[in-house]
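Encoded as structure tokens, the structure appears first; notes follow it.
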Amino acid sequence: MASGEYHRSGMLDKIDVLKLYNKFGLSANEIAQKYNISVWRVISFMRRNKIKRRKPSETIKIQFERSPLSFKRIDKLDINLQKLFISGLSLYWAEGSKANKAAVDFANSNEKMLLIFTRMLRKIYFVNEKRLRVYIYCFSNQNSGKLIEYWSEKLNIPQKQFSKPYVRRDFKTEKVGKMPYGLVHVRYYDTRLLRQILLDIDIIATDLLN
């Protein structure tokens with residue numbers, strides 16, 4: 001059969017289907033909607049023309065990449081925002097997690113560092129407030145409930161967005177008082193935001209070294 005196939009509502013062309021499916025990442029169902037035909041006709045056409053279909057995991061990845069971003073990075077920065085941008089990125093470069101590819105995860109016990117990083121997320125990347133999460137690591141001699149109240153007020157993040165804290169019971173007495181407000185993780189689960197932050201860090205670092 002030739003690359004084109006006539007249906008009651010139009011024609012499928014192999015080159016066009018390949019472009020829609022592989023280049024633009026449309027699913028078989030989306031191609032069917034575009035041609036106003038059933039998805040089974042598209043699947044049958046792909047089989048006859050030996051167009052390899054994606055694995056479910058590949059489809060999920062493409063759909064994720066095509067979904068709307070949960071943040072909006074601004075490009076025009078005044079002097080104050082530029083300072084905030086560089087400071088926040090420097091903090092993440094030094095203290096942020098790069099291993100967890102699913103989330104932005106900045107951990108620290110210093111209040112000012114946590115406030116600067118959180119402000120950068122809000123003022124530079126305009127993150128979705130509802131997706132911010134906080135995780136506290138503390139010792140059993142500390143009141144975890146009070147720590148949640150404290151950081152909820154300081155970071156302006158609702159307590160319902162705090163994960164259950166990790167309370168360590170086996171600790172050395174000489175460490176008591178070193179982290180009076182615990183170790184705090186500010187997290188934002190979005191792979192694309194992590195990629196953007198790491199890219200911005202690399203751009204600035206490369207520029208400084210050139």
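The values are calculated or read from the model by the stated rules, or taken from the named source; none is laboratory data. Keep in mind that what you see is a predicted model, and the values were worked out from it rather than measured. In this analysis, Cβ positions are derived from the backbone assuming ideal geometry, glycine residues included, and neighbour counts consider all displayed protein chains.
Of all residues in region 52-79, those that are modelled with pLDDT under 90 have Cβ atoms under 6 Å from Cβ atoms of residues that are assigned to a loop (DSSP other than H, G, I, E, B) and among the small types (G, A, S), 6 or more apart or on another chain, in I62/G25. Output yes when any residue across region 42-51 is surrounded by 16 or more Cβ atoms within 10 Å (Cβ to Cβ) and aromatic (F, W, Y), and no when none is. Within region 42-51 (the criterion being surrounded by 16 or more Cβ atoms within 10 Å (Cβ to Cβ) and aromatic (F, W, Y)), the answer is yes, since at least one residue qualifies.
Filtered by the rule that a residue be polar (S, T, N, Q) and closer than 22 Å to T191 by Cα, region 28-75 gives S57, T59, Q63, S67, S70.
For F162, state whether it is under 25 Å from the mean Cα position of the chain (by Cα) and within 20 Å of L69 (Cβ to Cβ). The answer is no for F162.
Report those strands (runs of 3 or more DSSP E) wholly inside region 104-174 carrying at least 3 residues which are within 30 Å of L77 (Cα to Cα) and touching a helix residue (DSSP H, G or I) at 6+ places or on another chain (Cβ under 9 Å). Reasoning before the result, please.
On the way: elements: 104-108, 132-139, 166-168.
Here the list reads 104-108, 132-139.
Comparison of F45, F71 shows that the only residue that is in a helix (DSSP H, G or I) and either outside the structural domain of Y189 (by TED's automatic domain parsing) or not β-branched (V, I, T) (or both) is F45. Of the residues in region 179-187, at least one is surrounded by 19 or more Cβ atoms within 10 Å (Cβ to Cβ) and among the small types (G, A, S).
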